[in-house]
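The values are calculated or read from the model by the stated rules, or taken from the named source; none is laboratory data. Remember, it's a predicted structure, so these values are computed and weren't measured experimentally. Neighbour counts run over all protein chains shown; Cβ positions are idealised from the backbone, glycine included.
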Ligand code: FE
């Protein structure tokens, strides 16, 4: 169940179709139009290629079943509908199978600009397009496998790696820095903040990422920049368990935010 009591989980019918009301379809359409226009010149070209490959449009809320079938053909990846946030063990297990969990409830009109809990717009619009990119999916799969093999005490550090890549990652392109993280792509305020030229951008460094605390409810004070998607999969050739142990031993960097806020 979503944490916010004004939202209810969606359940598919026998044909795996989720049903959305006219108003939900309209909300999806408005979110899609507004954001896709805004992202031009701010987001990695691979993202826009993914939107096309998945045939995502403003017309109606896409169905998980259709995205899953397309991803299977494109990158041997997939998506699985889930009620809301799932336990880490289930999350990592799905990722290790190249499957991305997708919460299927959609935000209400009054939450158009911000919803703390990931909804279908964040999941599909934010995450799914890059699942058409093979090196990116290789990272997702390898991350899931690695996450299942490290000790439980490593969870915070694992989530930092996920947070500063899959959720809030930036990438260098010929035309300048672009966003690829789903938390930037699916949020107007985060996209404005991350691509406005005034945010702190650091070259991706694994140890720095593992030692950097974050908050989920503010625009990010710092972003980490990769050079290409292959860099992500390459991270997994290192012994991440050892790297996390080292990060834990050295300790966290000072937070770049007010912890009490
Ligand atoms: Fe997400």
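One table, with the values for the structure above:
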| item | result |
| --- | --- |
| Residue among 97, 90 that alone is surrounded by fewer than 23 Cβ atoms within 10 Å (Cβ to Cβ), in contact (Cβ under 8 Å) with a residue 40 or more places away in the chain, more than 14 Å from the chain's Cα centre (by Cα) and away from the ligand (no atom under 14 Å from the Cβ) | 97 |
| Given (1) surrounded by 14 or more Cβ atoms within 10 Å (Cβ to Cβ); (2) in contact with a helix residue (DSSP H, G or I) (Cβ under 8 Å, 6 or more places away or on another chain); (3) closer than 20 Å to residue 255 by Cβ, number of the condition residue 173 does not satisfy | (3) |
| Test for residue 106: is it under 26 Å from residue 204 (Cα atoms), within 16 Å of the ligand (Cβ to nearest atom) and touching a helix residue (DSSP H, G or I) at 6+ places or on another chain (Cβ under 8 Å) | no |
| Region 185-223, subset within 16 Å of the ligand (Cβ to nearest atom) and touching a strand residue (DSSP E or B) at 6+ places or on another chain (Cβ under 8 Å), residue nearest to residue 117 (Cα to Cα) | 185 |
| Region 1-24 residues that are outside any loop (DSSP other than H, G, I, E, B), paired with ones that are surrounded by 14 or more Cβ atoms within 10 Å (Cβ to Cβ) (beta carbon under 7 Å, 6 or more apart) | 24/61; 24/106 |
| Given (1) closer than 18 Å to residue 47 by Cβ; (2) modelled with pLDDT of 95 or more; (3) surrounded by 15 or more Cβ atoms within 10 Å (Cβ to Cβ), index of the condition residue 210 fails | (1) |
| Residue under evaluation residue 196, criteria (1) within 17 Å of the chain's Cα centre (by Cα); (2) at pLDDT below 95, criterion not met | (1) |
| Test set (1) more than 30 Å from residue 60 (Cα to Cα); (2) touching a residue at least 24 places away in the same chain (Cβ under 8 Å) - residue 156 fails condition number | (2) |
| Residue 30, sole failed condition from (1) surrounded by fewer than 16 Cβ atoms within 10 Å (Cβ to Cβ); (2) without any contact (Cβ under 8 Å) to a residue 12 or more places away in the chain; (3) over 17 Å from the mean Cα position of the chain (by Cα) | (2) |
| Residue under evaluation residue 153, criteria (1) at pLDDT below 95; (2) farther than 24 Å from residue 213 by Cβ, criterion not met | (2) |
| Residues of region 53-87 classified as in a loop (DSSP other than H, G, I, E, B), buried (at least 18 other Cβ atoms within 10 Å of the Cβ), free of Cβ contacts under 8 Å to residues at least 60 places away in the same chain and under 17 Å from the mean Cα position of the chain (by Cα), total | 0 |
| Any hit, region 150-171, residues being closer than 16 Å to residue 41 by Cα and more than 16 Å from the ligand (Cβ to nearest atom) | yes |
